[in-house]
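To keep things clear, I will list the structure first and then write my remarks on it.
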Amino acid sequence: MKKEIVNPKVKNFIMSLREVGYTFDVAVADILDNSLAAQASDINIHLLAEPELIFCMLDNGNGMASEELVEAMRLGAKDPEAERNKSDLGRFGLGLKTASFSQGKKLTVISKKNKKTSVRQWDLDYIADKDEWILLAPPLTQFNGMPLVKQLKFQDSGTLIIWQEIDSVDKLDLTAVISNLRRHLSLVFHQFLEGAPKQKAINISINNNALKPFNPFNINHPATQQFTSEKLKVNNSTITVQPYILPHHSKLSQQEYEEYATNEGYTKSQGFYLYRARRLLIYGTWWGLHKANDVHKLVRIKIEVSNDQDKYWRIDIKKSTASPIPEIKNDLRRIIRQVTEKGSRPYTGRGKKIEDKTTTKFWSMIPQNGGFRFTLNQEHPLLERLTMDLPFELQELLDVYLRGLQAYLPLEAIQAQLQQNPYVVNQETLLTDEDIKEITKKLRTAGLSELEITSLLKTEMFKNREGILRDGE
């Protein structure tokens, strides 16, 4: 059989590598994984706009000797099927390179081990021009003016990653980029920032500002519901599932409510949160096992797996998509049913309060064709008093108006605002204490009977205001 070696066109291949689909946040998180695998306890990130847009990340991990650094710069340096250290967050040996190439054309890695410093660089324009994968070894002195290089010189070991010729970020958007990066890393690596009984907390800073961990389950709030964890077995591997129901907005300050909504909002943040070796990979998904809806928006289910279970979850190179195998999905469906039933109670329970028999409400719920509709309470004492004093023709006109009011109640708009911005909806301000006092004066002038006063005291407007209605105080 005739055989031919057909090499890829390097320039075109580079362009393909650059379009893998990384966002800036995801790319930074991917290279930060290498620092954690190298046992780093301090990671410093600098993102600067002048004189050129440059990204630097320095860790105090184990560092690499020259031969190790060359191997780390190789594309596909790792066998995806090979057994890894339990703390290793990589798999394909592509993350450092593909993440970096997606953001800029020049990747430099400076690493120090055993007091010896090595430098290697991928320059994509140089590679395209030479049409060969030529790894450069520039002198360290070339980077003396770069951020964090001086700091590395004072460390016993560590690795500094530098991105240059960045074309994925606009200088004018740098403030927003840094803000989004802080939020993303605080969430993705919150377990590392928090620490654990046998895991010392690490430090991550961006432009000398330390990150604070953002735990998406709000575990320290007394109103958060934390359910008993369950361990699932797949072959010889263990999967830990821990469901949570976040507090209803009535239990939180507006600031805390908005903080735990995340950038995507509560509805899009519901569902599973997949952690591999303590690192958050995927969040805010039901994997097609359940339909996202507002009633279940407070449900978040934590899944923890070890780094040898990738084949069960089909995790991609960017660590941004995953899908569990059918054997796991069956158990997850069962857990979803159990948790969502409880997760809807903060909303369905509050919805039934309109049926409170101790208070005379302005609105009622009337069953209709297997469902229900909202209607004005025709037995409300204020409405009864009004219709009694009106001439018949005006009673008919008022009746038509009220029926129109009920028929065109803007339910969709109300629901959307309550779900998205519950703190900005404040209907009670439409009726002030002064308004109620003015209404009270007019009612007393009309000569209310004791029976009518008793009836009015049960209404929402006058409940707990007996003094105003009886004595005019």
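Residues checked against (1) at positive phi; (2) at pLDDT 90 or above; (3) surrounded by 20 or more Cβ atoms within 10 Å (Cβ to Cβ); (4) assigned by TED's automatic domain parsing to the domain that holds Val295:
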site	(1), (2), (3), (4)
Ile317	no, no, no, yes
Ser320	no, no, no, yes
Pro324	no, yes, yes, yes
Asp331	no, yes, no, yes
Arg334	no, yes, no, yes
Arg337	no, yes, no, yes
Gly343	no, no, yes, yes
Item checked: Residue within the stretch 130-148 that is among the basic types (Lys, Arg) and under 24 Å from Ala40 (Cα atoms) present -> no
Item checked: Meets criteria (of a type in the set (Ser, Thr, Tyr) and at pLDDT 95 or above) for Ser205 -> yes
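I need the full set of residues from the stretch 240-258 which are touching a Pro at 6+ places or on another chain (Cβ under 9 Å) and either of a type in the set (D, E, K, R) or crowded, with 16+ Cβ neighbours inside 10 Å (or both), in order please. I'd like the intermediate steps shown before the answer.
First pass over the stretch 240-258, keeping only residues touching a Pro at 6+ places or on another chain (Cβ under 9 Å): 244-251, 254, 256-257.
Scanning the stretch 240-258 gives Tyr244, Ile245, Leu246, Pro247, His248, His249, Lys251, Glu256, Tyr257.
Suppose we filter the stretch 147-189 for residues that are among the β-branched types (Val, Ile, Thr) and in contact with a Ser or Thr (Cβ under 8 Å, 6 or more places away or on another chain); how many remain? Steps first, please.
Applying the first criterion (among the β-branched types (Val, Ile, Thr)) to the stretch 147-189 yields 149, 159, 161-162, 166, 169, 175, 177-178, 188.
Pick out the ones that are also in contact with a Ser or Thr (Cβ under 8 Å, 6 or more places away or on another chain) and you get 159, 161-162.
So the answer is 3.
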Check: From the list Asp129, Asp123, which one is within 30 Å of Val6 (Cβ to Cβ), of a type in the set (D, E, K, R) and out of contact with any Lys or Arg (no Cβ under 6 Å at 6 or more places or on another chain)?
Finding: Asp129
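How about the stretch 40-88: which of its residues are of a type in the set (S, T, N, Q) and at pLDDT 95 or above? Even if it seems obvious, please write down each step before you answer.
So in the stretch 40-88, the residues of a type in the set (S, T, N, Q) come out as 41, 44, 60, 62, 66, 85, 87.
Of everything in the stretch 40-88, those that are of a type in the set (S, T, N, Q) and at pLDDT 95 or above turn out to be Ser41, Asn44, Asn60, Asn62, Ser66.
Just to be sure before I move on: is Asp399 over 30 Å from Ala261 (Cα atoms), more than 37 Å from the chain's Cα centre (by Cα) and surrounded by fewer than 12 Cβ atoms within 10 Å (Cβ to Cβ) in the structure I sent? Working first, answer last.
Numbers: over 30 Å from Ala261 (Cα atoms): yes; more than 37 Å from the chain's Cα centre (by Cα): yes; surrounded by fewer than 12 Cβ atoms within 10 Å (Cβ to Cβ): no.
Judged against the criteria, Asp399 is not a match.
Only residues that are within 16 Å of the chain's Cα centre (by Cα) and over 15 Å from Arg300 (Cβ atoms): list them for the stretch 246-261, please.
Correct list: Gln255, Glu256, Glu258.
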Check: Quick one: in the stretch 404-415, which of the residues that are out of contact with any Ser or Thr (no Cβ under 9 Å at 6 or more places or on another chain) and part of a helix (DSSP H, G or I) is modelled with the lowest pLDDT?
Finding: Gln415
Note to self: Give me the strands (runs of 3 or more DSSP E) completely within the stretch 264-327, filtered to those with at least 3 residues that are aliphatic (A, V, I, L, M) and either in contact with a strand residue (DSSP E or B) (Cβ under 9 Å, 6 or more places away or on another chain) or free of Cβ contacts under 8 Å to residues at least 12 places away in the same chain (or both), ordered by residue number.
What the structure shows: 279-285, 299-305
Notebook entry, point to check: What pairs come up if the first residue lies in the stretch 33-53 and is among the hydroxyl-bearing types (Ser, Thr, Tyr), the second is outside any helix (DSSP H, G or I) and surrounded by fewer than 17 Cβ atoms within 10 Å (Cβ to Cβ), and their beta carbons are under 7 Å apart, counting only those six or more places apart or on different chains?
Noted result: Ser41/Lys200; Ser41/Asn203
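Residues checked against (1) part of a helix (DSSP H, G or I); (2) of a type in the set (A, V, I, L, M, F, W, C):
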{"position": "Lys3", "(1), (2)": "no, no"}
{"position": "Gly21", "(1), (2)": "no, no"}
{"position": "Asp33", "(1), (2)": "yes, no"}
{"position": "Leu58", "(1), (2)": "no, yes"}
{"position": "Gly61", "(1), (2)": "no, no"}
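The values are calculated or read from the model by the stated rules, or taken from the named source; none is laboratory data. The model shown is predicted, which means the values in this text are computed figures rather than measured ones. With ideal geometry, Cβ positions are generated from the backbone for all residues, glycine too; neighbour counts draw on all protein chains shown.
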